[in-house]
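For reference, the structure is listed below as structure tokens.
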Amino acid sequence: MIRILFASFVALAGALAPASSQAADKLTVLLEWFVNPDHAPMVIAGERGLFTAAGLDVELIPPSDPSAVPRLVSAGQADIGIHYQPNLYLDHEAGLPLVRFGTLVETPLNTVTVLADGPVKSLKDLKGRKVGFSVTGFEDAMLKRMLASEGLTNEDVELINVNFSLSPSLIGGKVDATLGGFRNFELTQMKLEGHEGRAFFPEEHGVPAYDELIFVTRRDLAQDGRLPRFLAAVEQASIYITNHPQEAWRLFVKAYPNLDDELNRTAFFDTLPRFAKRPSALDRARYARFGAFMQEMGLIEAAPAPDDVAVEIR
């Protein structure tokens, strides 16, 4: 069974497995943002009774402050947090006892975005132009590496803080490009408003591939028996979404009728191929490469060994 704060529903467990006579083990998941298609495998696992079949009572909790998620999970205020792989290295260096134990979205979603009919046809065309951003840190380093792949530096562009108004700033001509928009949301949002966008992907311009969204927990909880059951249910849900996308969408909006619109529908199907089909699997070489990138870009002092920030549970 899955219980969502502010939106309860009964899981469809009967069709899949007989109800357990024992009380389900509770498990709290603190999201990184409000519920959206990025969270579909967890929602579908609840709707199809997969958590119930695993003996779990899972609660998804949208955060009042997204930036507080790693601290709250570290402090034991939630069992699991949805987090970003780049931020995990920063939290590790800050001393937070967090480890990745699973993957939700296994490719980057971040982009540098421009108007499709605008003057920027390649990253080289950003020279002397304005780039809007919302947060500093990793995204600055991402832009630096992407520009370097075309022989430019951050000094060749003017960075402008647009306060989370990425698409409106680009559409309104306040900036020539935006940094940090998600390829599965912002491009569709722009299209629905009558403005086609073009995205440049970091993993195609010098940034090592990384997991956009991961499952984290406290290190002292990493061997908890609930976690492999949770990931097994999420894996089943991800495969179901892949095999039955239309039915999965119907289940998703059954749980969240307020998300039944064109933006979220398109985002759901755009995100589908990016969900991890083996969420528990850990690619240590990939994590090592990304840690080296974080160190090289000056975001952390030393790249941690993959096993210091991630575990593979069974």
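Taken together, the residues in the stretch 237-261 that are touching a residue at least 60 places away in the same chain (Cβ under 8 Å) and either open to solvent by 50 Å² or more (accessible area, probe 1.4 Å) or outside any helix (DSSP H, G or I) (or both) amount to 2.
The single residue among Pro228, Pro208 that is in a loop (DSSP other than H, G, I, E, B) and open to solvent by less than 60 Å² (accessible area, probe 1.4 Å) turns out to be Pro208. If you go through the stretch 55-82 and keep only what is assigned to a loop (DSSP other than H, G, I, E, B), closer than 19 Å to Val135 by Cα and open to solvent by less than 30 Å² (accessible area, probe 1.4 Å), you end up with just Pro63. The condition (being open to solvent by less than 60 Å² (accessible area, probe 1.4 Å), more than 20 Å from Arg265 (Cβ to Cβ), of a type in the set (A, V, I, L, M, F, W, C) and without any contact (Cβ under 8 Å) to a residue 40 or more places away in the chain) is satisfied by just one residue among Leu152, Leu179, Leu166, Leu170: Leu152. Among residues of the stretch 210-236 that are closer than 20 Å to Gly76 by Cβ, those with a beta-carbon under 6 Å from a residue that is charged (D, E, K, R) and open to solvent by less than 10 Å² (accessible area, probe 1.4 Å) at least six positions away or on a different chain give the pairs Ile214/Arg100; Val216/Arg100. No other residue among Phe133, Phe164 is of a type in the set (Phe, Trp, Tyr) and in contact with an Asp or Glu (Cβ under 7 Å, 6 or more places away or on another chain) apart from Phe133.
Reported count of residues in the stretch 201-248, each being of a type in the set (A, V, I, L, M, F, W, C) and closer than 20 Å to Phe182 by Cα, is 6.
Counted as qualifying within the stretch 112-199 are the strands (runs of 3 or more DSSP E) with 3 or more residues that are under 19 Å from the mean Cα position of the chain (by Cα), namely 177-182. For the stretch 90-109, taking the residues that are of a type in the set (D, E, K, R) and buried (at least 18 other Cβ atoms within 10 Å of the Cβ), the one that is farthest from the chain's Cα centre (by Cα) is identified as Asp91.
The values are calculated or read from the model by the stated rules, or taken from the named source; none is laboratory data. Because the structure is predicted, anything quoted here is derived from the model rather than measured. When we count neighbours, we look across all protein chains shown, and the Cβ atoms used for this are built from the backbone with ideal geometry, even at glycine. When the accessible area is computed, the model is the full protein with side chains, heavy atoms only, and any ligands, DNA or RNA have been set aside. Shrake-Rupley method; radii C 1.70, N 1.55, O 1.52, S 1.80 Å.
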